[in-house]
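The values are calculated or read from the model by the stated rules, or taken from the named source; none is laboratory data. These numbers were taken from a predicted model, which means no experiment stands behind them. Cβ atoms come from the backbone with ideal geometry, glycine included; neighbour counts cover every protein chain shown. Protein only, heavy atoms only, side chains kept; ligands, DNA and RNA dropped before computing areas. Shrake-Rupley method; radii C 1.70, N 1.55, O 1.52, S 1.80 Å.
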Amino acid sequence: MEFEGNIRKMITELNAPVKYTLPIGDEQIDMNGLIGKEIAMRFDGQINCVSCGKKTKTSFSQGFCYSCLQTAPEASESIIRPELSKAHLGIARDMEWAEKHDLIDHFVYLAVSSALKVGVTRGHQIPTRWIDQGASYAIKIAKTPNRHIAGVIEVFLKDHFTDKTNWRAMLKNEVLKDFDLAAEKERIANLLPLELQKYMEPENEVTEINYPVEQFPVKIKSVGFDKLPEITGKLAGIKGQYLIFDDSRVLNIRKHNGYFLRVAM
């Protein structure tokens, strides 16, 4: 069986384990069903911008052409640094877009992988955001009415927690063992300034996430289509947005948003 088309990051569904689906053209591939099987993925050099759709020689920031990188609201600097969002002041690349994506409920969270990580996500992106990062556990810390305030809280907490995922440790399943998310959340409540404490999320539910992996890599080798036109091998698992092959090679699907691939299995 063979599929072809531009790919996007895998669609995820919280299950036991996580269910992964790869959008490719107008089709969707059940990736969980391919674990333990040989797959072949071929790239012929075509990349289409995920925003405007035009062909681009180089993909920027996970799928944009250079023009859209500079102008598209979904590629603005506040995507990476939420504290820079100015939508609450009426300033944005596209206010209509910002009203739907910045001026809505956001959550500050703690996620567990190889360490405790602080992050920000839109309310409707839970638990997708946690899964995409390969978190094993996560808890909501604060709920805010817009992206900017969530970013301000995150910046404050960066002095106490990392805001980066160690992707190599995450893929090796080197998960932090000794932690208490509820206790960390209580500590955060005492750390925050009074004007930010009012956004603390009252519920302490911890989400546990398990991934469909038969074999975790020992020594990781990252591969990608910018250097290899064809990637083949036996799929050993999926974690975050990475395909894990049984020879310890890993492929970051999200990095290849907009790439035109042929996938055979």
Worksheet item: How far apart, in nm, are two points set 7 Å out from the Cα along the Cα-to-Cβ line at Thr128 and at Gln70?
Response: 2.9 nm
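I'd like the chymotrypsin sites (Phe, Trp or Tyr not before Pro) in region 46-135 restricted to DSSP loop residues with at most 11 other Cβ atoms within 10 Å, sorted by number.
Values: sites: Phe60, Phe64, Tyr66, Trp97, Phe107, Tyr109, Trp130; in loops: none.
Of the chymotrypsin sites (Phe, Trp or Tyr not before Pro), not one in the loops of region 46-135 has a Cβ with at most 11 other Cβ atoms within 10 Å.
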Practice prompt. Give, rounded to the nearest 20 debye, the magnitude of the charge dipole that region 71-208 has about its Cα centre when Lys and Arg contribute +1 at Cβ and Asp and Glu contribute -1 at Cβ.
Written response: 260 debye
Response to the item:
Whole-percent carbon and sulfur contribution to the accessible surface of the chain (1.4 Å, no ligands, DNA or RNA) stands at 47 percent
Practice prompt. Scan around Met31 for amide H atoms under 5 Å from its own, H built in the peptide plane at 1.01 Å from N, and keep only partners 5 or more places away or cross-chain.
Written response: Tyr20, Thr21, Leu22
Worksheet, complete the sentence: Straight-line reach check, Lys219, cutoff 15 Å on alpha carbons, 8 or more apart in-chain or any other chain, hits among aspartates and glutamates -> Glu174, Asp246, Asp247
Worksheet item: Using θ = phi - 60° and the Karplus form 6.51 cos²θ - 1.76 cosθ + 1.60, what ³J(HN,Hα) does each residue of region 70-86 get, whole Hz, x for Gly and Pro?
Response: 7, 10, 5, x, 6, 10, 5, 5, 6, 5, 7, 10, x, 5, 8, 4, 10
Fill in: Once the Cα gyration tensor of the chain is diagonalised, semi-axes √(5λ) in Å
32, 24, 14
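Between Lys37 and Arg187, what is 0.36 nm times their sequence separation minus the Cα-Cα distance? Round to one decimal in nm. It would help to have the intermediate numbers written out before the result.
Numbers: separation 150, 0.36 × 150 = 54.00 nm, distance 4.58 nm.
Length gained between Lys37 and Arg187: 49.4 nm.
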Worksheet item: In whole Hz, what ³J(HN,Hα) sequence does region 125-136 give by Karplus (6.51, -1.76, 1.60; θ = phi - 60°), x for Gly and Pro?
Response: 8, 8, x, 3, 4, 5, 5, 4, 8, x, 5, 9
Worksheet item: Helix 181-191 versus the longest principal axis of the chain: what angle, 0 to 90°, nearest 10, using Cα atoms?
Response: 50 degrees
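Where in region 23-101 are there trypsin sites (Lys or Arg not before Pro) that are in a DSSP coil and have at most 12 other Cβ atoms within 10 angstrom of their Cβ?
On the way: sites: Lys37, Arg42, Lys54, Lys55, Lys57, Lys86, Arg93, Lys100; in loops: Lys37, Lys54, Lys57, Lys86, Arg93.
In loop regions of region 23-101 (DSSP not H, G, I, E or B), the sparsely surrounded trypsin sites (Lys or Arg not before Pro) are Lys37, Lys54, Lys57.
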Worksheet item: Using only helices, what value at 222 nm comes out for the chain when you add -39,500 (n - 2.57) per DSSP H run of length 4 or more and divide by the total residues, to the nearest 500 deg cm²/dmol?
Response: -4500 deg cm²/dmol
Worksheet item: Which listed residue (Gly134, Gly123, Leu196) has the Cα farthest towards the positive end of the charge dipole for region 71-208, taking +1 on Lys and Arg C-beta and -1 on Asp and Glu C-beta about the Cα centre?
Response: Gly134
Worksheet item: What nm distance separates the two modelled labels at Met95 and Glu27, each placed 7 Å from Cα along Cα→Cβ?
Response: 4.5 nm
Worksheet item: When the C-alpha atoms of region 71-208 are aligned to their principal axes, what extent does each axis show, in angstrom, from largest down?
Response: 44, 34, 24
Discussion item. Between region 172-206 and region 78-131, what is the separation of their alpha carbon centroids in Å?
Written reply: 18 Å
Worksheet, complete the sentence: Taking a straight Cα-to-Cα line shorter than 18 Å from Lys54, and setting aside same-chain aspartates and glutamates fewer than 8 residues away, one finds Glu4, Asp26, Asp44, Glu74
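Using the structure shown, list the pairs from Lys9/Lys140; Lys57/Lys234; Lys164/Lys227; Lys19/Lys177; Lys117/Lys172; Lys140/Lys198 with a Cα-Cα distance above 21 Å, or answer none.
Values: Lys9/Lys140 24 Å; Lys57/Lys234 29 Å; Lys164/Lys227 26 Å; Lys19/Lys177 25 Å; Lys117/Lys172 17 Å; Lys140/Lys198 14 Å.
Too far apart for the 21 Å limit: Lys9/Lys140; Lys57/Lys234; Lys164/Lys227; Lys19/Lys177.
What accessible area per residue, rounded to a whole number of Å², is obtained for the chain using a probe radius of 1.4 Å? Write down the numbers at each step before the final one.
Numbers: 13040 Å² over 265 residues.
With all protein chains present, the chain gives 49 Å² per residue.
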Discussion item. Using amide H atoms built in the peptide plane, which far-off residues or other-chain residues are under 5 Å from Ser113 H to H?
Written reply: Ser136, Leu176
